[in-house]
């Protein structure tokens, strides 16, 4: 069975994806930083990794890795005039430079696979332009550019794609969807009348990792309840 490396597999979408793939028989190698976690499954191992370190160690990887998913991110929504330049630097370091470090270290392992796949994350806010999203939109906009550039550079060997969710029910977004009245308001903003679940996003990532998407690369897959395409 395929081996998948999930960076940030201890919480939210990363945790959902880790459990989903391991339950289906994938060999999953997941990392955590702040949320320490262990597994009793023989096909799931966790390793500590801080992608903000200057040098990262992926020596725990096997010789061949079939897939890589980079999940670390932040949801820091503030008016532009309340943000400092270093806020943008720190966010870029986590979401973009961290992904670059991991991909560079994992690439030799991916290139030994027959049909490897890399999946990163963007956000619907990159294309839509929402209030107070300047921080996350800057970093995720860079991710979308990186995905297209790497897809071109790595073709035809390694596929590189991106999932762009809308608001999803994860630990990072609890302040945006609580109390219940706020969640209901956010539900109604989406054409499908609900915010996303971690499983909604994990299903899309699984597709991009699998051979079912063997002819898909350089794409930003919008999994957002219709937010990016439909006006109600």
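The values are calculated or read from the model by the stated rules, or taken from the named source; none is laboratory data. Source: prediction; values computed, not measured. Cβ: placed from backbone, ideal geometry, glycine included. Neighbour counts: every protein chain shown.
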Report task. Give region 25-55 a look and list any residue that's out of contact with any strand residue (DSSP E or B) (no Cβ under 9 Å at 6 or more places or on another chain), farther than 22 Å from residue 94 by Cβ and touching a residue at least 12 places away in the same chain (Cβ under 8 Å), or say none. Result -> 25
Requested in this report: Give just the number: which of (1) part of a loop (DSSP other than H, G, I, E, B); (2) under 17 Å from the mean Cα position of the chain (by Cα) does residue 17 not satisfy?
Outcome: (1)
Query raised in the report: Which ranges mark the helices (runs of 4 or more DSSP H) fully within region 149-232 that have 3 or more residues being crowded, with 17+ Cβ neighbours inside 10 Å, in contact (Cβ under 8 Å) with a residue 40 or more places away in the chain and touching a strand residue (DSSP E or B) at 6+ places or on another chain (Cβ under 8 Å)?
Result: 198-209
Query - Residues of region 100-115 classified as within 15 Å of the chain's Cα centre (by Cα) and in contact (Cβ under 8 Å) with a residue 60 or more places away in the chain, total - result: 1
Query raised in the report: Is region 79-90 home to any residue that is free of Cβ contacts under 8 Å to residues at least 24 places away in the same chain, surrounded by 12 or more Cβ atoms within 10 Å (Cβ to Cβ) and out of contact with any helix residue (DSSP H, G or I) (no Cβ under 9 Å at 6 or more places or on another chain)?
Result: yes
Requested in this report: Mind counting the residues in region 22-48 that are surrounded by fewer than 20 Cβ atoms within 10 Å (Cβ to Cβ) and under 21 Å from residue 117 (Cβ atoms)?
Outcome: 7
**Report entry** Conditions (1) surrounded by 18 or more Cβ atoms within 10 Å (Cβ to Cβ); (2) closer than 21 Å to residue 165 by Cβ; (3) in contact with a helix residue (DSSP H, G or I) (Cβ under 6 Å, 6 or more places away or on another chain): number failed by residue 65
**Finding:** (2)
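So which helices (runs of 4 or more DSSP H) stay within region 38-137 end to end and still have 2 or more residues that are under 18 Å from residue 14 (Cβ atoms)?
Working: elements: 85-92, 98-110, 125-128.
Hits in region 38-137: 98-110.
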Report summary line: Scanning region 132-148 residue by residue, those farther than 19 Å from residue 97 by Cα and surrounded by 17 or more Cβ atoms within 10 Å (Cβ to Cβ) turn out to be 133
Query - Given (1) under 24 Å from residue 10 (Cα atoms); (2) modelled with pLDDT of 95 or more, index of the condition residue 174 fails - result: (2)
Report summary line: Being within 13 Å of the chain's Cα centre (by Cα) and modelled with pLDDT of 95 or more narrows 9, 73 down to just 9
**Report entry** Single match in 12, 67, 8 (criterion: under 17 Å from residue 96 (Cα atoms) and touching a residue at least 24 places away in the same chain (Cβ under 8 Å))
**Finding:** 8
Query raised in the report: Considering region 116-130 alone, what residues qualify as being touching a residue at least 40 places away in the same chain (Cβ under 8 Å) and either under 14 Å from the mean Cα position of the chain (by Cα) or surrounded by fewer than 17 Cβ atoms within 10 Å (Cβ to Cβ) (or both)?
Result: 117, 118, 119, 120, 121, 122, 123, 124, 128
